[in-house]
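Please treat every number below as a calculation from the coordinates, not as lab data. Keep in mind that this is a model prediction, so the values were computed, not measured. All Cβ positions, glycine included, derive from the backbone under ideal geometry; neighbour counts span all protein chains shown.
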Amino acid sequence: MSVLVQPLPDVNPLQDSLRFARRVPPCAIVIFGASGDLSKRKLLPSLYRLFYERRISQNFAVIGSSRTAMSDEQFRERMRESVSKFLEDAPFDEDVWKSFAQCLFYVAGDLSEEASYERLKSKLDEVEKSHQTGGNVLFYLSTQPSYYAEAIRKLGAHQLHKGNGWRRVIIEKPFGHDLASARKLNEEIHQVLVESDVYRIDHYLGKETVQNILAFRFGNGIFEPLWNRRYVDNVQITAAESIGVEGRGGYYQEAGALRDMIQNHLSQVMATIAMEPPTVFDAANVRDERAKLLRAVRVVKPDDVAKYAVAGQYGPANVGGQDILGFRQEPSVDPNAQTDTYAAVTFFIDNWRWADVPFYIRTGKRMPKRVTDIAIQFNAPPLGLFSQETKGGLREARPNLLVLRIQPEEGISLRFLSKSPGSGMRVRPVSMDFNYGSSFGERTPTAYETLLVDAMAGDPTLYTRQDMVDASWQIVQPILDVWGNSKFDFPNYPAGTWGPKASDEMLARQGHVWRVP
Ligand code: BG6
């Protein structure tokens, strides 16, 4: 059975206008690391798109900065190529580009040199006059993370952290390499900036479907009563990628899947799924609840790490007729690398709502397909009245499964048992589906569009706060420590498969199986 869910007319246009039709003040955006990948693939295409849709003020300017020497014109030309190539689901319009390009500037500079900041300061003064940016400046740190602390210190030393208008700083992930370095970075940042001017980005929180988890849970009355240990058997969060490390071998070798995805994106998704309802939908309350949830996650003891966490690394394989390199054969990767390209963790949340409900999180590169979803498995009914008539064992013993699909086919589906037509009482699982694309039929903004607008508008709801980052490092740190001192027998899964056997065994010990997404 499939039900097409049609959106109803806006019930509360006032509330809509608060978040979506928000007014974004004039400002200048300084991108450090402007010649890097993130800037080309995400930031400039998002800014162009926001400009095209007039969702940001036309009084704005972008100042790109990196070490490469370039004129404004050369920067514009480079960005033109990237924007036309990486613009998602949207046409590239030459006329709009011409106006947009007039807002792009470039300042070459090394972040460790004082002179770079003075040049930047003069450029900011210039654009403030020419583009009437009102003295508001949003700095975006998208450089090598090892520069973050120094760049912020120097922004302070050159008085760039304050001025006529507001000053805010977006900091890209990774925020620290471990708990200690994240804490140190926070301290260094706070010597110059107050917390309300710090925007730590986690682009998963900006994804429409992740935001929709809150609407689904707290905008409806029928799900929340079931959303607890009495009715939920287990929760599975999967973020599988079919791609490998895509030329980022050097970075990834040092990071690994647990750091790259679970410490940040997926623990934030877990917090969104499991947090308590905020009393008011504003930045402070939403972030308080997320932080509270993360603090309630049990910190595993070193001796239990092997029981609750599994590391994997892909080896070479032939996938669909194509030879795929193993991780250790990727460029810039050590042939003996101990990096986890797959990580699966069982978390327990020690609070009244979730005590004893396992939250299984897994992520990996070179999985059979790209899919991110959350599966909430509800308990079996108290009596298995139809169980003799049902084939399939474990899966059908617990027929009710709610799947929130984050990407790529965004939507929500609920599985339940239904009588099969005909005589006798044979039952089989069917599902009720909501699909974003067919229900709304309009383009959804990318996470970076949403988050950039939020930062310009001064709304940090979807950005992480110091205590959230601290708590999410605390829950992965014991695992990182134990893994850091282990010698794994890698590779332990072939490219194009669902990860190592040990991961299935981890769930089997609790009487569970991974769902096939
Ligand atoms: C990034 C990771 O933060 O998120 C990448 O560093 C990963 O390794 C990416 O591929 C996944 O993001 P998305 O939006 O494609 O799911």
Which pairs break 24 Å Cα to Cα here: Lys129/Lys207; Lys369/Lys501; Lys307/Lys501; Lys40/Lys292?
Lys129/Lys207; Lys40/Lys292
Provide the FRET efficiency to the nearest 0.05 for the Lys487-Val513 pair, computing r from the beta carbons and using R0 = 22 Å.
0.15
Listed residue (Gly247, Leu294, Leu507) projecting farthest to the positive dipole end of the chain, Cβ model:
Leu507
Cα convex hull of the chain: mean projected area in nm², to one decimal?
26.3
Name all residues of the range 265-306 having a backbone nitrogen under 13 Å from the label point set 7 Å from the Cα of Arg229 along its Cα→Cβ direction, giving them as ranges.
297-298
Can you work out the FRET efficiency for the pair Asn351 and Lys162, with r the C-beta to C-beta distance and R0 = 35 Å, to the nearest 0.05?
0.30
Assuming R0 = 41 Å, what is the FRET efficiency of Asn318 and Phe92, from their Cβ-Cβ distance, to the nearest 0.05?
0.65
Global form of the range 79-194, assessed from the alpha-carbon gyration tensor, a/c cut-off 1.5:
oblate
What are the residues whose amide H is under 5 Å from the amide H of Val30, where those residues sit 5 or more places off or on another chain and H is modelled from the backbone?
Ile63, Leu138, Phe139, Tyr140
For the range 53-96, list residues with backbone N below 17 Å from a point placed 7 Å from the Cα of Ala457 toward its Cβ?
53-59
Most exposed to least, judged by fewest other Cβ atoms within 10 Å, Glu276, Glu195 sort to Glu195, Glu276
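Give me the dipole magnitude in Debye, nearest 20, for the chain about the Cα centre, with unit charges on the beta carbon: positive for Lys and Arg, negative for Asp and Glu.
For this selection, approximately 980 debye.
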Alpha-carbon Rg with Dmax, taken over the range 253-306, Å:
13.7, 42
The chain, helix-only ellipticity at 222 nm - DSSP H runs n ≥ 4, -39,500 (n - 2.57), divided by all residues, nearest 500:
-9500 deg cm²/dmol
Among Ser116, Ser142, Leu155, whose Cα sits farthest toward the positive end of the charge dipole of the range 83-196 (+1 at Cβ of Lys/Arg, -1 at Cβ of Asp/Glu, about the Cα centre)?
Leu155
